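The next block holds one structure in the form of structure tokens; read it before the comments.
The values are calculated or read from the model by the stated rules, or taken from the named source; none is laboratory data. Computed from a predicted structure; not experimentally measured. Neighbour counts run over all protein chains shown; Cβ positions are idealised from the backbone, glycine included. When the accessible area is computed, the model is the full protein with side chains, heavy atoms only, and any ligands, DNA or RNA have been set aside. Shrake-Rupley method; radii C 1.70, N 1.55, O 1.52, S 1.80 Å.
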Amino acid sequence: MPNFVEIKNKITKFDKKLSIDGDKSLSIRWALLSSQSLKKSKASNLLLSEDVLSTLNCLKKLGIKIKISKNFCEIIGLGLNGFKYKNNLILNAGNSGTLGRLILGLLIHSKKKMHLKGDKSLSKRDFLRVIKPLEKFGAKFDSNYGKLPITIQGTNYTKPIKYFENKGSAQCKSAVMFAALNTLGETIIKAKKSRDHSELLFKYLKLPIKVIKRKNHDIIKIKGKYKIPALNYKIPSDVSSAAFFIVLTALSKNSRLEIKNVNINPSRMGAFYILKLMGVRISKLNIRNYKGEKIADLIIKSTKNIKPINCPIKFNSSAIDEFLLIFLVAAKAKGISYFKNLSELNHKESPRLKWGSKILNKIGVKNILTENSIKIFGNPNLKIDRKITIKNFLKDHRVFMTSVIAALSFGGKWKIFDKDSINTSFPSFLKKVDYLGAKID
């Protein structure tokens, strides 16, 4: 089968209810934390994407017993520092930065040398940001100038550290938190605001963690060497995956969509607030708490008058995965939108800030790009009647899916390559789009 899709028509109006696959960040964290328990943990609605399957495969190589059925995944952990493996074991993180960075935090006690590799895209990403703090615990690393492949050899004598995370990266923060689990004493992290899934899971498991929230950062204190209980979990739906359908609905005429059981963790809701400021009609219903996380049903309606925005940088971290979609909304605003301090976007699976500009150029929307900002000159009457090809984007799943949403929203004749990239995070994406009535070849 060809590894591309062709889209020749905009989507017609729809009024549907939709369910979204499990949250990727929580799926990976559930698996890694469950491996550190001495008991059996069970999860439903686990996202079976390539990133999560890479996580499970790495854990199997480390001696963890895993059983996957149609409705559940079971993991029998080996406890802290309980991994069993041969010398010079090779772990493959695939495309997953979350897996690649977080699992290093669990390996700082590894007595034998171990090697971590990834795909072409992950091998271009910066791992020094986790190597440097993890070295302070006592582990030794050998890397390709701070990039994969990485060799790690742990130590029997880890020591707690003080760490300042200043990039707003939940992956870096979580890697240190995972390392702190297996370190006697108190590790102290001063972290710029970012996703807090790890903190919430630690609290739910009643691990000794204290979080002091300040205006621009959090102070996180963790005491290590405590037994981790079983984690039985129904993974909430992924808000980053839901964002594609939020934007598609907002940009489609006379449409309405209800998305059930979405994780609305405040550290992930930046896009929600940005879109609301731009006039997108979106609301939350049936809000409830589930094992530390907030969940709700989302109602989205078509938006006729989209407003431009000078985007507040306070939302950057909590919207980091949704900016490509937000740029599409800005493309139809009546006026100029400005987004700044977004250099972190270029440290994702592809240089996403640059790709945001490329997609806008292809659809005929004027924009001014710098190393860390973009200014978008919106056109409320935007229509496309040209041929557009999207390729060579390092198989970045979000570039592919954003391009599909642009094609269905604005029209034109699109050919979008590397459709298998969706297997990284959202394997059912095209089926969901088809369910809403899109015609994709």
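Applying the condition of being open to solvent by less than 70 Å² (accessible area, probe 1.4 Å) and part of a strand (DSSP E or B) to the range 246-259 and asking which residue is nearest to residue 438 (Cα to Cα) yields 257. Of the numbered criteria (1) within 23 Å of the chain's Cα centre (by Cα); (2) more than 15 Å from residue 428 (Cα to Cα); (3) part of a strand (DSSP E or B), the one residue 16 fails is (1).
Among residues that are open to solvent by 10 Å² or more (accessible area, probe 1.4 Å), assigned to a helix (DSSP H, G or I), touching a Pro at 6+ places or on another chain (Cβ under 9 Å) and within 23 Å of residue 148 (Cβ to Cβ), residue 54 is not included.
Restrict the check to the range 332-352 and report whether at least one residue is at pLDDT 95 or above, under 24 Å from residue 16 (Cβ atoms) and either crowded, with 22+ Cβ neighbours inside 10 Å or not aliphatic (A, V, I, L, M) (or both). Checking the range 332-352: at least one residue is at pLDDT 95 or above, under 24 Å from residue 16 (Cβ atoms) and either crowded, with 22+ Cβ neighbours inside 10 Å or not aliphatic (A, V, I, L, M) (or both). The condition of being outside any strand (DSSP E or B) and either over 22 Å from the mean Cα position of the chain (by Cα) or buried (at least 23 other Cβ atoms within 10 Å of the Cβ) (or both) holds for residue 176. Being in a loop (DSSP other than H, G, I, E, B) and surrounded by fewer than 16 Cβ atoms within 10 Å (Cβ to Cβ) holds for only one residue in 132, 67, 111, and it is 111. Restricting the range 292-302 to residues that are open to solvent by 10 Å² or more (accessible area, probe 1.4 Å), of a type outside the set (D, E, K, R) and at pLDDT 95 or above leaves a set whose member that is farthest from the chain's Cα centre (by Cα) is 302. Tell me, which residue of the range 30-46 that is closer than 11 Å to residue 71 by Cα and among the aliphatic types (A, V, I, L, M) is nearest to the chain's Cα centre (by Cα)? Here the residue is 46.
Out of the range 398-419, which residues are farther than 14 Å from residue 249 by Cα, in contact (Cβ under 8 Å) with a residue 60 or more places away in the chain and either crowded, with 23+ Cβ neighbours inside 10 Å or in contact with a Phe, Trp or Tyr (Cβ under 9 Å, 6 or more places away or on another chain) (or both)? Those that are farther than 14 Å from residue 249 by Cα, in contact (Cβ under 8 Å) with a residue 60 or more places away in the chain and either crowded, with 23+ Cβ neighbours inside 10 Å or in contact with a Phe, Trp or Tyr (Cβ under 9 Å, 6 or more places away or on another chain) (or both): 398, 399, 401, 414, 415, 416, 417, 418, 419.
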